[in-house]
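Enquirer: My structure is below; once you've seen it, I'll send some questions.
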Amino acid sequence: MRDNDKQQRQKRILAINDISCFGKCSITVVMPILASMGYECVPLPTAILSTHTGGFKNYTFLDMTTEIKKILNHWEKEKIFFDCVFTGYLGNKEQIDICISAIENRTSAEKSVIVDPVMADSGKLYAGFNPSYVDAMKKLCKKADIITPNYTEACLLSGIPYNEFPTDEEIKKCFKNLASIGAKSAVITGIKTTKKTIKTVYSDFSESEYFEMSYNYINEMLHGGGDVFSAVLCGKILEGASRKQAVKTASNFTNACIINTKTKNQYGLNFEPLLRDIKKY
Ligand code: PXL
């Protein structure tokens with residue numbers, strides 16, 4: 001039943017993302033975080049890789065497009081519905097349409113949709129993505145209650161040139177253009193303001209809802225921070241927290257994980273030991 005027993009039932013999240021077996025990102029980050037926040041998190045794996053694609057050579061990549069269509073067909077027959085669709089790394093443009101169909105057909109009436117448009121960082125698209133994928137991603141962003149691009153992804157989606165140290169005017173322009181692609185709100189992560197500071201900015205595109213959080217920039221190679229951030233944000237939004245509180249908790253938790261990570265490489269954030277205290281952030 002679609003909306004049965006809404007008060008008592010544990011919320012069920014559909015996480016559409018890849019399984020990078022090694023490297024702590026995507027589903028291997030999203031599932032433990034959302035489970036520790038009390039949710040049922042159901043994976044729909046877009047691809048299975050030996051590692052993520054950043055900083056490793058010769059990784060394996062199994063495209064799961066055919067299989068995820070079959071999985072969704074089975075769920076349709078079983079009448080399985082979700083309270084939230086949370087999308088991350090998608091293997092190709094067809095999977096963008098599959099996500100849109102899942103949002104339209106496999107959700108409860110009061111659904112939350114969180115889109116992390118994973119495709120780029122540090123001014124560059126990740127391996128395997130091209131400008132036509134960026135265009136297709138705009139269609140998915142239009143379906144979202146909130147999108148969580150890093151600054152590179154926000155520039156690509158909003159069509160403004162990437163600047164490593166953007167001015168406040170550039171950031172505002174970026175939000176203005178994101179509004180025009182049809183997303184309801186956005187939180188842009190990883191905006192470097194100086195060599196020492198990095199900030200996260202949220203807006204629902206109105207003048208009144210615009211706030212930011214700044215941190216010391218730890219200038220080292222670290223992967224999976226965006227996935228930790230968006231998973232915590234997703235959990236807080238489903239909990240009914242205000243957007244300000246959700247962004248604050250997600251930013252503070254991610255920053256604490258970064259500080260807790262002693263190996264500064266592509267092996268991901270040391271987030272697991274902090275999960276039991278996630279409520280404190
Ligand atoms: O964390 C983002 C991400 C997710 N999935 C894969 C990736 C990356 C970033 O490089 O390669 C496969």
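The values are calculated or read from the model by the stated rules, or taken from the named source; none is laboratory data. Please read these numbers as outputs of a predicted model, since none were measured by experiment. Heads up, the Cβs are rebuilt from the backbone with ideal geometry, glycines too, and the neighbour counts pull from every protein chain shown.
Enquirer: What about Y162, is it free of Cβ contacts under 8 Å to residues at least 60 places away in the same chain, over 25 Å from I100 (Cα atoms), more than 16 Å from the ligand (Cβ to nearest atom) and in contact with a helix residue (DSSP H, G or I) (Cβ under 7 Å, 6 or more places away or on another chain)? Lay out the reasoning, then the answer.
Expert: Numbers: free of Cβ contacts under 8 Å to residues at least 60 places away in the same chain: yes; over 25 Å from I100 (Cα atoms): yes; more than 16 Å from the ligand (Cβ to nearest atom): yes; in contact with a helix residue (DSSP H, G or I) (Cβ under 7 Å, 6 or more places away or on another chain): yes.
So Y162 fits the description; yes.
Enquirer: Consider segment 256-267. How many of its residues are modelled with pLDDT under 90, exposed (fewer than 14 other Cβ atoms within 10 Å of the Cβ) and of a type outside the set (D, E, K, R)? So that I can check it myself, show each step before the final result.
Expert: Keep residues of segment 256-267 that are modelled with pLDDT under 90, which gives 262-266.
The next check asks that each one be exposed (fewer than 14 other Cβ atoms within 10 Å of the Cβ); those that pass are 262-265.
Checking the rest, the ones that are also of a type outside the set (D, E, K, R) come to 263, 265.
Result for segment 256-267: 2.
Enquirer: Also, quick follow-up: When segment 116-125 is examined, which residues are found to be assigned to a loop (DSSP other than H, G, I, E, B) and surrounded by 21 or more Cβ atoms within 10 Å (Cβ to Cβ)? Show your work before the answer.
Expert: Narrowing segment 116-125 to residues assigned to a loop (DSSP other than H, G, I, E, B): 116-119, 122-123.
Correct list: D116, P117, V118, M119.
Enquirer: Taking the condition at pLDDT 95 or above, surrounded by fewer than 21 Cβ atoms within 10 Å (Cβ to Cβ) and touching a Phe, Trp or Tyr at 6+ places or on another chain (Cβ under 7 Å), does N270 pass? It would help to see each step written out before you state the result.
Expert: Details: at pLDDT 95 or above: yes; surrounded by fewer than 21 Cβ atoms within 10 Å (Cβ to Cβ): yes; touching a Phe, Trp or Tyr at 6+ places or on another chain (Cβ under 7 Å): no.
So N270 fails the test.
Enquirer: Ok, one more. Quick test of your reading of the structure: N216 fulfils all but one of (1) modelled with pLDDT under 95; (2) on the phi > 0 side of the Ramachandran plot. Name the failing condition by number.
Expert: Here N216 clears every test but (2).
Enquirer: Which one of T65, T46 is closer than 24 Å to G128 by Cα, without any contact (Cβ under 8 Å) to a residue 60 or more places away in the chain and out of contact with any Gly (no Cβ under 6 Å at 6 or more places or on another chain)?
Expert: On the way: T46 fails: out of contact with any Gly (no Cβ under 6 Å at 6 or more places or on another chain).
The conditions single out T65.
Enquirer: Still on this structure, I have one more. Given the criteria more than 24 Å from A15 (Cβ to Cβ) and of a type in the set (A, V, I, L, M), does I237 qualify?
Expert: Numbers: more than 24 Å from A15 (Cβ to Cβ): no; of a type in the set (A, V, I, L, M): yes.
So I237 does not fit the description; no.
Enquirer: For a quick check of your reading of the model, give me the residue pairs whose first member lies in segment 239-265 and is under 20 Å from H223 (Cα atoms), whose second is among the small types (G, A, S) and surrounded by fewer than 21 Cβ atoms within 10 Å (Cβ to Cβ), with beta-carbon atoms closer than 8 Å and at least 6 apart or on different chains.
Expert: T249/A241; N265/G55
Enquirer: Can I ask one more? Quick check on K124: is it in contact with a helix residue (DSSP H, G or I) (Cβ under 9 Å, 6 or more places away or on another chain), touching a residue at least 12 places away in the same chain (Cβ under 8 Å) and more than 16 Å from the ligand (Cβ to nearest atom)? Even if it seems obvious, please write down each step before you answer.
Expert: Values: in contact with a helix residue (DSSP H, G or I) (Cβ under 9 Å, 6 or more places away or on another chain): yes; touching a residue at least 12 places away in the same chain (Cβ under 8 Å): yes; more than 16 Å from the ligand (Cβ to nearest atom): no.
Judged against the criteria, K124 is not a match.
Enquirer: While we're looking at this one, here's another question. Take L14 and decide whether it is touching a strand residue (DSSP E or B) at 6+ places or on another chain (Cβ under 8 Å), farther than 22 Å from N105 by Cα and not β-branched (V, I, T).
Expert: Numbers: touching a strand residue (DSSP E or B) at 6+ places or on another chain (Cβ under 8 Å): yes; farther than 22 Å from N105 by Cα: no; not β-branched (V, I, T): yes.
For L14, the condition - touching a strand residue (DSSP E or B) at 6+ places or on another chain (Cβ under 8 Å), farther than 22 Å from N105 by Cα and not β-branched (V, I, T) - is not met.
Enquirer: Answer yes or no: is there a residue in segment 138-147 that is in contact with a strand residue (DSSP E or B) (Cβ under 8 Å, 6 or more places away or on another chain) and assigned to a helix (DSSP H, G or I). Give the steps one after another, and end with the answer.
Expert: Of segment 138-147, the ones in contact with a strand residue (DSSP E or B) (Cβ under 8 Å, 6 or more places away or on another chain) are 140-141, 143-147.
Within this subset, residues satisfying the condition of being assigned to a helix (DSSP H, G or I) are 140-141.
Yes, there is a match, as at least one residue in segment 138-147 is in contact with a strand residue (DSSP E or B) (Cβ under 8 Å, 6 or more places away or on another chain) and assigned to a helix (DSSP H, G or I).
Enquirer: Let me spell it out: the conditions are (1) buried (at least 20 other Cβ atoms within 10 Å of the Cβ); (2) of a type in the set (S, T, Y); (3) more than 17 Å from the chain's Cα centre (by Cα), and Y89 meets all of them except one. Which number is the exception?
Expert: With respect to (1) buried (at least 20 other Cβ atoms within 10 Å of the Cβ); (2) of a type in the set (S, T, Y); (3) more than 17 Å from the chain's Cα centre (by Cα), Y89 is out only on (3).
Enquirer: Separate question: Which ranges mark the strands (runs of 3 or more DSSP E) fully within segment 19-115 that have 3 or more residues being within 15 Å of the ligand (Cβ to nearest atom)?
Expert: Counting at least 3 such residues, we get 40-51, 61-63.
Enquirer: Among the strands (runs of 3 or more DSSP E) confined wholly to segment 172-238, which include 3 or more residues that are away from the ligand (no atom under 16 Å from the Cβ), under 20 Å from the mean Cα position of the chain (by Cα) and among the charged types (D, E, K, R)?
Expert: Strands (runs of 3 or more DSSP E) meeting the threshold: none at all.
Enquirer: Could you please give the count of residues in segment 126-152 that are of a type in the set (D, E) and surrounded by 19 or more Cβ atoms within 10 Å (Cβ to Cβ)? Please lay out each step first, then the result.
Expert: Step one: list which residues in segment 126-152 are of a type in the set (D, E), which gives 135, 145.
Filter once more, keeping what is surrounded by 19 or more Cβ atoms within 10 Å (Cβ to Cβ): none.
Summing the residues that are of a type in the set (D, E) and surrounded by 19 or more Cβ atoms within 10 Å (Cβ to Cβ) in segment 126-152 gives 0.
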